[in-house]
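Colleague: Provided herewith is a single structure, encoded as structure tokens, for subsequent inquiry.
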Amino acid sequence: MSNLGLFLCLLNLFILCVVGDPTISKILPSWGSLYNTITIQGSGFGLSPTVQANGLYNCMPSFVSDTLIKCAFTGTVPQLSIANFVVNANSITSAPQAYNIVIFTVYEQNNNIFIFHGDFINIPNKTPGMILVKNVADTLNTTVSYSRNALSFSLDRSIVEDGHLILIDGTTNGVVLSQTPQFAPVVNLVSLFASRIVIDGYLFRASTAVTTSESDACTDPAWTPDSFACTPIPSFFKSTTLTFKITQNGFTTTISYNLRDLTFLNDPNSDTATLFVQNYNPAANIITISGFTPIPFSPTSITNVSLPGGTHFNIRYPPNSQCGDAFISGDPNAQYPRITISISACPTPVIQNSIQYPTNRNNFYLTFQGKFLNNFFSQTQSQAMTYKILYGDGTTAPCTFVQQENDANSIYTTTCQIPEPVSPSAFKLTATTNTLASSTFYVGYQPIVNTITKTDYMTPSFVTITGVGFSSFDLIVAIGGSMCVNPIVSDEGRQIKCQFASDVPVIDFNDPLQVKVSVNLVDIGINSIFLYNRPNPIITKTSPLTYNTTGQITITGTFLYSNELSVKIANYPCDNPVSNEDGKSITCNLNYVITVVDINVPLEVLVTIEGAYIAKDYIFYYVLQPPTIIKATSTVYAVSGTVTITGTNIFPFGLVVQIGGSPCNTPVVSESPNTVTCQFGSNVPVTDINSPLIVMVSMNTIYKGSAPAFVYTLQNPTVSSATSVVYGTPGTVTIRGTLFYNFGLVVTIGGSTCGTPLASQDTKEVTCTFKSDVQVLGLDTPLEVSVTMNSAYNSKNSVFLYTNPAPVSIISSTSTVYGKTGTVTITGSSFLNFGLAVSIGGSICLNAIASQDHKEITCDFKSDVTLTDINTSLQIIVAYEPNFTTQNSVFQYVLENPIISSSTSTLYGTAEKVTIRGTMFFNFDLTASIGGSTCLNAIASQDHKEITCDFKSDVQIPNIKTPLEVLISMDSMKYISKSSVFYYLEPIQVLVSSSTSTKYGVPGTVTITGSNFFNDKLVVKIGGSNCTEAIASQDTKQLTCQFKSDVEVAHNTALDVYVGIKSRFNTTKPVFLYLLSDKRCPISSNGQECSGHGICNQQFVCDCIKGWGSSDCSIADIGGGIVIPDPNVNPNDTSSTIITPSGTMFDVGIVLINEMDKDNNVFQSYNITSINWNNITKQQNEYMYTTLLQNNNKGLNSTLNVKLTINNLDELVYYNFAGDIIPILPKSIKYQVELQNYTFSSSINTMHFIFKSGVAQEGGECVYESNTSSQLSGDSIRSIQMMLNGETLIGTFSDRIVVDNRPAYNIVNQLTVDQITANKLDKSSTYISIFTPFFKSSVIVDPNFGVLVSSTPSNECDNGMPRWKLAVIVVCSAIGAAIISTIVVWMIKNRKSLKIKIIEMKLKRVK
């Protein structure tokens, strides 16, 4: 006992001295309900501490250690907001630590959202991500959304199926609540079909029930744990808003679904219709129409409409269409999913013919055929069609349905019964659907025509027709082809009364016309029985006959047809009369010349027909031939005289003669009828004395002849005096004398023409315009005046004198363009062309000419007088002989609008100098603007073709290709030019694709690949840290920089790489991945890094010196001494074969892709060796394979792409894969495999890609040496070497993958024997699996296969020692769901030949 006491004493002393005072470092969780078990972490708790909250309430420990206490309240504790815990150990109390208390009341589930209700205001850290929910397997972390009275989160299937969830305090990772609630089904997708609802989700059971209202159950249920289907009541699908409830275990999930509305429009005249869906565009989706036929059909066309916005689905009904609940449905391969609501709709029924008329012999059954006449609603026996008949008098009656049948072409034969009629009568049958679509068919009888009353010829009258079978349906009556309008049927269809125009012409009035009665255009009765009452003949006119001749005459009238005719004219017989067949004319021959006194008085015509019918009238006239004029004698102009006119056919019947429109009186015809004389007053004025006047002879006012036959003669004029004009100044001169006429009048003064001469009406004066251009020695010297008419009548006299000119003056001047030669017009007075000289600003103005009115001078000015101010006026000096001079400063230059042709560019937002090119640029108040923004300091060049100015580049544009308007103005905006010629420079699109790596904390050089890298303000950042000394390559596709490797990041997380150019163009992409901290260059068996034959680079990869290869540079590469064959690629799948110089063939390729669950069980497996590839292409040395993998998780397809590239060169090719620079050996194969759009069954599942390698054919006859070694990095294989008979197979695996476009690290494992067996694989090969975690979009892998020759080959097995060694290198750089290069296992088989040594070899298991 003394020893035990001593021990206890020493133990207490140790606890007091070593353990120390109690200290609380953390409470887990930091918040929760009042009675939760809490965990207190700290130190110095001793063996039996006590725990209190707020100094009053004991927390009973359930576990105690010196650093950990678990406790819970056991007694009644009032509701607290915060519990401040302390630990008392060895009479010492720790500092308090707060525990925040929340209140949980109830929970609820809203489909996939789970909600805790209560009061959570006391949660200390409400930051998103600090409140979490986990599943039991701890493979899921779900963020919880916070509000004071609710904590909510999205359910995961793993939680629902486990039936357990754990609420976590993310600050401490402590458990707040562990609960097993009851869950309702979770709905992911609702699909609607013709009569079924299909719900996809999970947690469905046999007890699951669906209702579509408070009481309408969804019947005929079918379920799996992942889906539920049932049939609602038919009216459910006729609403646009569908609501249904899913109930299970007392929990209900309510789902609302909106269907698109549907509008239907039938074409009553065809078998087509249009269905309209508003605000819907089907794009490339497959569309079908359901409800009309047992199998849905496709629309004939689909039309998008802009207003009100939607789609027209145009259909043509299939023959078997009937009334039904129609809707728009989708792809047949998806079981015609519903797109719209259902609406009741029917095709328009069509009655095509009747095959049995109703009679008393068949019980008045009417049988008819047609299409779309199905009497019942689709899929039901409810009535869809009714029939009725309409009689001609408007009365109706039902046709009661009796029976119906249809043939293979969906032609319906229908029988219905009509009420017994009083007598047979035509009627119309109408078929009408319950949607009011209808068609009508006529049923009638052929009418019979018996009698008809007469009318007077061509006199409209009513006629009465008797017969049988008349009806008012589309009744048409015609007599002789002419319509008898407004027909009315009476006497029970035995009489028609209608109005006949009597307009059918006849020849023989005893020949009856045809009477035609048509009913409904199909039943027609015909009988030729109509006769006119015969009329008396009528004559209206005759054809004329030339006077004093005989000939044929035509008499015109009506009712003239007859074979017995007699005609007389003025009691003279007209022989051989003949009636025209139309009865409208008679021709006969008048063989007598009848003398008349007055040609205008008609003669009597008498026509007698058949001796009884007479017509007479004064209607015959003679006519005359127009006279002709040959010539006429002349008179003196304005002097009366006798004119004799010679011609032909001139008679004294109302004879009138005119010359030039003026009467020639007292005309007398000579005995010979060829001349006439008359008295002419010669008073017709003429403008040209040589132009003949028209002579016109008229007889009886209508017979006229005319010809230009009369010409005047003239007398010579006399000149007596003339007025004067100013010397050198054009003016009007008046010449006086006698007999002046304007007939070819020409006046000259001093030999110079006096323009525009005009004789006065009294013939005593001539006025003309004289240029005053005849120079004289003195102003008192007269000039000769000459007046000539008609080039033959002339008079001359020297009677003209000049007067003195006025003083010369300058008033104004036109302008020329500055610096450009042009014509100047100077205005003023008294400008004469006598030695005229002009200067402007001291510069001669060439070719000066004064105008005829002496008020203007024009001259050519070079515009070579320079100015500093464009508005300065230049002095003009005008001088002419002998001593006339004047001057005035009235000339000013003008400028032309400048022309803009082009402009240099700037970068948007960067102020730069702009050069504008064009013409006519001057520095006269010069301004420039671009896009409305002033371009400062504008200066024009000396050659006036350029302007430079300073532009702020501050005008915004919608896109870089939009030009801005350049505006140039000069001289205070007087001269302006605009042109949209300015463009901003296009921005540079910088792209980053990959980056090499460094180790965290170890500065190094990083190489970044991409495009558009320029050494213009180049800035590079990795994870926000500057990567200095950045230099871009000349091809702009690569840059290098120095990275401090100082950005801390979570394991296996890529950093953003930022590249900026010119301080404005940049891009960011997460492509930088730190090297693993444990990564080292391999150390070979000789203990040296890289076997002493290479250098360990920044990526911790061996760069072998020339002549050495493999991942550790341990294999000598003599290369050119050995011929290495090209690899073989199977053209039908992705397998390939690498052949060694000794002939050994290694078969490599991918065999399986497996989705694994959290327990490493296979959830979904794809055997790649048996896949049918949808597309296989080859271009040069590249093979591309593409196929679809059926994703059973969601019924979707994933895309698998495999590309094989052969390096057929005899040298290494370096390949950049996600920043990992990989050497591709000569004569090797590079694989690239991409898996896209794969949907995992759970986000905690993983993907494994499995590859094999085996010996397809051995190249030697003996096995004398084998060995296997491996290199690992952490728990992942990085390199394997297998040596057989001196041929060494080397597999080197990259340590990185890229998941969803982000680089990450992978794990490579060799399959165990059990795993090979479980996957049903060939045990004679070796299999490698690469692991990838869950991904969302795509994964890619990129392995490479090749050979190295290390010594010269030998054909012998010499003492078991190798003569040469072959290395087959496999370099796998995996992205995403990586494809793993396989490790080759050689299985040596027994051979029967006596010459071959039997060797059995086992490869060592890879460590």
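Colleague: FRET efficiency for residue 164 and residue 1078, Cβ-Cβ distance as r, R0 = 56 Å, nearest 0.05?
Modeller: Once rounded, the FRET efficiency stands at 0.90.
Colleague: Rounded to a whole number, what is D in µm²/s for the stretch 100-165 from Stokes-Einstein with the Kirkwood radius over alpha-carbon pairs (37 °C, 0.692 mPa s)?
Modeller: D = 266 µm²/s.
Colleague: Can you figure out the FRET efficiency of residue 823 with residue 976, using R₀ = 30 Å and their beta-carbon distance, to the nearest 0.05?
Modeller: Efficiency for this residue pair is about 0.75.
Colleague: Under a Cβ-Cβ cut-off of 15 Å, what is the net charge of the residues other than residue 448 that fall near it, where Lys and Arg count +1 and Asp and Glu count -1?
Modeller: -1
Colleague: So what J values fall out for the stretch 688-694 if you push phi through Karplus, 6.51 cos²θ - 1.76 cosθ + 1.60 with θ = phi - 60°, rounded to Hz, Gly and Pro as x?
Modeller: Result, ordered by residue: 10, 5, 8, 7, x, 8, 6 Hz.
Colleague: With a point put 7 Å past each Cα toward its Cβ, work out how far residue 691 is from residue 834 in nm, to one decimal.
Modeller: 4.3
Colleague: Sort largest first and round to whole Å: the equivalent ellipsoid semi-axes of the stretch 859-905, each the square root of five times a Cα gyration tensor eigenvalue.
Modeller: Semi-axis lengths for the stretch 859-905 are 36, 12, 7 Å.
Colleague: Which entries of 1178/1203; 1079/1203; 1203/1230 have Cα-Cα distances beyond 19 Å here?
Modeller: 1079/1203
Colleague: Non-local amide H neighbours of residue 966 (under 5 Å, H modeled in plane, Pro and chain starts lacking H): which ones?
Modeller: Residues meeting the amide H criterion: 931, 979, 980, 981, 982.
Colleague: Using alpha carbons only, how many angstrom separate the centre of the stretch 805-834 from the centre of the stretch 475-529?
Modeller: 96
Colleague: List the residues whose amide H sits under 5 Å from the amide H of residue 748, counting only those 5 or more places along or on another chain, with H placed 1.01 Å from N in the peptide plane.
Modeller: Long-range HN contacts for residue 748: 754, 786.
Colleague: Follow-up question, since we're still on this one. What is the percent carbon and sulfur in the accessible area of the stretch 231-390, measuring with a 1.4 Å probe over the protein chains and ignoring ligands?
Modeller: Accessible surface attributable to carbon and sulfur in the stretch 231-390 totals 51 percent.
Colleague: Heavy atoms only, 1.4 Å probe, whole protein assembly: order 846, 1200 by accessible area, highest first.
Modeller: Solvent-accessible surface, decreasing: 846, 1200.
Colleague: Give the peptides 995-1004, 603-612 in descending order of average Cβ contacts within 10 Å, highest first.
Modeller: With the highest mean Cβ count within 10 Å placed first, the list reads 995-1004, 603-612.
Colleague: Can you give the Rg/Rh ratio of the stretch 634-687, where Rg is from the C-alpha atoms and Rh is the Kirkwood radius?
Modeller: 0.99
Colleague: In whole Å and largest first, what semi-axes does the C-alpha gyration tensor of the stretch 1181-1233 yield when each eigenvalue is scaled by 5 and square-rooted?
Modeller: Ellipsoid semi-axes (Å, largest first): 31, 13, 6.
Colleague: Then there is this: Which net charge results for the neighbourhood of residue 1023, defined as the other residues with beta-carbon distances under 11 angstrom from its beta-carbon, given Lys and Arg at +1 and Asp and Glu at -1?
Modeller: -1
Colleague: With label points built 7 Å along Cα→Cβ from the Cα atoms of residue 261 and residue 762, find their separation and express it in nm.
Modeller: Each label point lies 7 Å from its Cα, and together they span 9.8 nm.
Colleague: Take the Cα atoms of the stretch 475-609, find their three principal axes, and give me the spread along each one in whole Å, biggest first.
Modeller: Projected onto the principal axes, the Cα atoms of the stretch 475-609 cover 71, 27, 21 Å.
Colleague: Using 25 Å as the Cα-Cα cut-off, could you pick out the over-long pairs in 26/1044; 1037/1336; 1017/1069?
Modeller: Cα-Cα > 25 Å for 26/1044; 1037/1336; rest within.
Colleague: Still on this model: When every alpha-carbon pair in the chain is counted, what percent end up more than 63 Å apart?
Modeller: Everything past 63 Å amounts to 61 percent.
Colleague: Could I ask something else about it? For the chain, report the accessible area per residue in Å² (1.4 Å probe, heavy atoms, rounded to an integer).
Modeller: 49
Colleague: With viscosity set to 1.306 mPa s and temperature to 10 °C, compute the Stokes-Einstein D of the stretch 873-985, Rh being the Kirkwood radius across alpha carbon pairs; µm²/s, no decimals.
Modeller: This corresponds to a translational diffusion coefficient of 101 µm²/s.
Colleague: Which residues does a label at residue 726 reach in the stretch 793-816, if reach means a backbone N under 19 Å from a point 7 Å past the Cα toward the Cβ?
Modeller: Hits in the stretch 793-816 for residue 726 at 19 Å: 801-813.
Colleague: Ranking request for peptides 151-157, 1309-1315: highest mean number of other beta-carbon atoms within 10 Å first, then the rest in descending order.
Modeller: 151-157, 1309-1315
Colleague: Can I get the semi-axes of the stretch 605-738's equivalent ellipsoid? Compute them from the C-alpha gyration tensor as square roots of 5 times the eigenvalues, in angstrom, largest first.
Modeller: 53, 17, 10
Colleague: How about residue 541: which lysines have a C-alpha closer than 28 Å to its C-alpha, ignoring those fewer than 8 places off in the same chain?
Modeller: 568, 584, 616, 704
Colleague: With a 1.4 Å probe and all protein chains left in place, how much of the accessible area of the stretch 444-553 comes from carbon and sulfur atoms, in whole percent?
Modeller: Of the solvent-accessible surface of the stretch 444-553, carbon and sulfur hold 50 percent.
Colleague: Okay, moving on. Using the Cα atoms of the stretch 64-144, I'd like the radius of gyration and the largest Cα-Cα distance, Dmax, both in angstrom.
Modeller: Final numbers for Rg and Dmax: 16.9, 55 Å.
Colleague: Please report how far the C-alpha centroid of the stretch 549-618 lies from that of the stretch 411-441, rounded to the nearest whole angstrom.
Modeller: Between the Cα centres of the stretch 549-618 and the stretch 411-441 lies a distance of 66 Å.
Colleague: Take the Cα radius of gyration of the stretch 343-410 and divide it by 2.2 N^0.38 Å, with N its residue count; two decimals is plenty.
Modeller: Working it through for the stretch 343-410, the quotient is 1.25.
Colleague: So, R0 is 35 Å and r is the distance between the beta-carbons of residue 81 and residue 247; what FRET efficiency does that work out to, to 0.05?
Modeller: For R0 = 35 Å, the calculated efficiency reads 0.35.
Colleague: Now for a different question. For the stretch 239-328, take the convex hull of the Cα atoms, compute a quarter of its surface area, and give me that in nm², please.
Modeller: 8.0
Colleague: How big is the C-alpha Rg of the stretch 793-907 next to the rule-of-thumb value 2.2 N^0.38 Å, as a ratio?
Modeller: Against the compact-globule rule of thumb, the ratio is 1.50.
Colleague: Follow-up question, since we're still on this one. Could you give the length gained on full extension between residue 587 and residue 514, defined as 0.36 nm per residue of separation minus the Cα-Cα distance, in nm?
Modeller: Computed gain between residue 587 and residue 514 is 23.2 nm.
Colleague: Could I ask something else about it? Considering only 117, 45, 1136, whose Cα is most displaced toward the positive end of the charge dipole of the chain, charges sitting on Cβ of Lys, Arg (+1) and Asp, Glu (-1)?
Modeller: It is 45, whose Cα lies furthest towards the positive end.
Colleague: The stretch 1166-1238 to the stretch 155-184: how many Å between their Cα centroids?
Modeller: A separation of 42 Å, based on Cα centres.
Colleague: Here is a follow-up. Of all the accessible heavy-atom surface of the stretch 925-1010, with the other protein chains kept in place and a 1.4 Å probe, what percent is carbon and sulfur?
Modeller: For the stretch 925-1010, the apolar C and S fraction of the accessible surface comes to 52 percent.
Colleague: Quick one: what Rg and Dmax do you get for the stretch 1293-1339 from the alpha carbons, in Å?
Modeller: Answer for the stretch 1293-1339, Rg first and Dmax second: 13.3, 37 Å.
Colleague: Put one equal scatterer on each alpha carbon of the stretch 927-979, apply the Debye formula with no solvent term, and list log10 I(q)/I(0) at q = 0.13, 0.26, 0.28 1/Å to two decimals.
Modeller: -0.34, -1.09, -1.19
Colleague: Give the angle, between 0 and 90 degrees and rounded to the nearest 10, that separates the Cα long axis of helix 2-14 from the longest principal axis of the Cα atoms of the chain.
Modeller: 30
Colleague: Report the rotationally averaged projected area of the stretch 910-1056 based on its alpha-carbon convex hull, in square nanometres.
Modeller: Seen from a random direction, the Cα hull of the stretch 910-1056 projects 12.1 nm² on average.
The values are calculated or read from the model by the stated rules, or taken from the named source; none is laboratory data. Being a predicted model, the structure only gives us computed values, none of them experimental. Don't worry about glycine lacking a Cβ; one is built from the backbone with ideal geometry, like all the others, and counts go over all protein chains shown. Areas reflect the complete protein model, heavy atoms only, side chains present, ligands, DNA and RNA absent. Shrake-Rupley method; radii C 1.70, N 1.55, O 1.52, S 1.80 Å.
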